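Here is the structure we will look at.
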Amino acid sequence: MSIRTILVVDDSATERFFLSDILRKNGYEVLHADSGEEGVAKAKADRPDLILMDVVMPGLNGFQATRMLSRDPDTQSIPVIMCTTKDQETDRIWGLRQGAVEYLVKPIVAEELISRIKALG
């Protein structure tokens, strides 16, 4: 699977900008969503190759959105990397159980993020 287009789902404009900057500098096309609900809708409409998902968001949180995406036949093949401040081992395990393929704790290290993305592709 070749990863070209990445959907960044985060309610923080600063985090979206930071992650988008890293991704664009490494040749990826970037889409944005500022909520879990918008992330699920954009994933269904735009079919990105990968989703970077925050956890702590108002409304539909990242765990819920990831679970919805991983259980929907239309989106279950899109890998999700959780990028969050929630750094407890139980959070990581729960995120992976919801369908995430990776779990990274903020602040995100650019080299680590790109390495994980390349490992998926």
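FYI, it's all coordinate maths here, none of it is from the lab. What you see is a predicted model, and the numbers here were worked out from it, not measured in a lab. Here the Cβ is made from the backbone with ideal geometry for all residues, glycine too, and neighbour counts use every protein chain on show.
From Cα pairs below 8 angstrom and at least 6 apart in sequence, can you work out the relative contact order of the chain, rounded to a whole percent? Don't jump to the answer; show the numbers that get you there.
On the way: 212 pairs, mean separation 29.3, N = 121.
Value for the chain: 24 percent.
Going by C-beta contacts inside 10 Å, put Thr75, Thr84, Thr66 in order with the fewest on the left.
Thr75, Thr84, Thr66
Taking the number of other C-beta atoms within 10 Å as the exposure measure, put Leu120, Leu19 in order starting with the fewest. Spell out each step's value before the answer.
Values: Leu120 13, Leu19 24.
With the fewest neighbours first, Leu120, Leu19 line up as Leu120, Leu19.
With θ set to phi - 60° and the Karplus curve 6.51 cos²θ - 1.76 cosθ + 1.60, what are the ³J(HN,Hα) couplings of the stretch 59-66 in order, to the nearest whole Hz, using x for Gly and Pro?
x, 6, 7, x, 4, 5, 5, 5
Residues with amide H under 5 Å of Val56's amide H, sequence separation 5 or more or different chain, H placed in the peptide plane at 1.01 Å from N; which?
Counting only residues 5 or more places away or on other chains, the set is Gly62, Thr85.
About the Cα centre, and with charges only on the beta carbon of Lys, Arg (+1) and Asp, Glu (-1), how big is the dipole of the chain? Nearest 20 debye, please.
Using only the charged Cβ atoms, the result is roughly 300 debye.
Each residue of the stretch 38-51 in order: what ³J(HN,Hα) in whole Hz does its phi give by Karplus 6.51 cos²θ - 1.76 cosθ + 1.60, θ = phi - 60°, with x for Gly and Pro?
Couplings: 5, x, 5, 4, 5, 4, 5, 7, 9, 6, x, 7, 7, 10 Hz.
Using only Cα positions of the chain, each an equal point scatterer, no hydration layer, compute I(q)/I(0) via Debye at q = 0.15, 0.17 Å⁻¹ and quote the log10 values to two decimals.
Those come out to -0.56, -0.74, one per q.
Please arrange Leu113, Leu23, Leu69 by counting, for each residue, the other beta carbons lying within 10 Å of its beta carbon, fewest first.
Leu113, Leu23, Leu69
Compute the signed sum of charges (Lys and Arg +1, Asp and Glu -1) over the other residues within less than 15 Å, Cβ to Cβ, of Met57. Walk me through the intermediate numbers first.
Numbers: positive: Arg16, Lys42, Arg67, Lys86, Lys106; negative: Asp10, Asp11, Glu15, Asp34, Glu37, Glu38, Asp54, Asp91.
With Lys, Arg at +1 and Asp, Glu at -1, the net is -3.
Using only helices, what value at 222 nm comes out for the chain when you add -39,500 (n - 2.57) per DSSP H run of length 4 or more and divide by the total residues, to the nearest 500 deg cm²/dmol?
About -13500 deg cm²/dmol.
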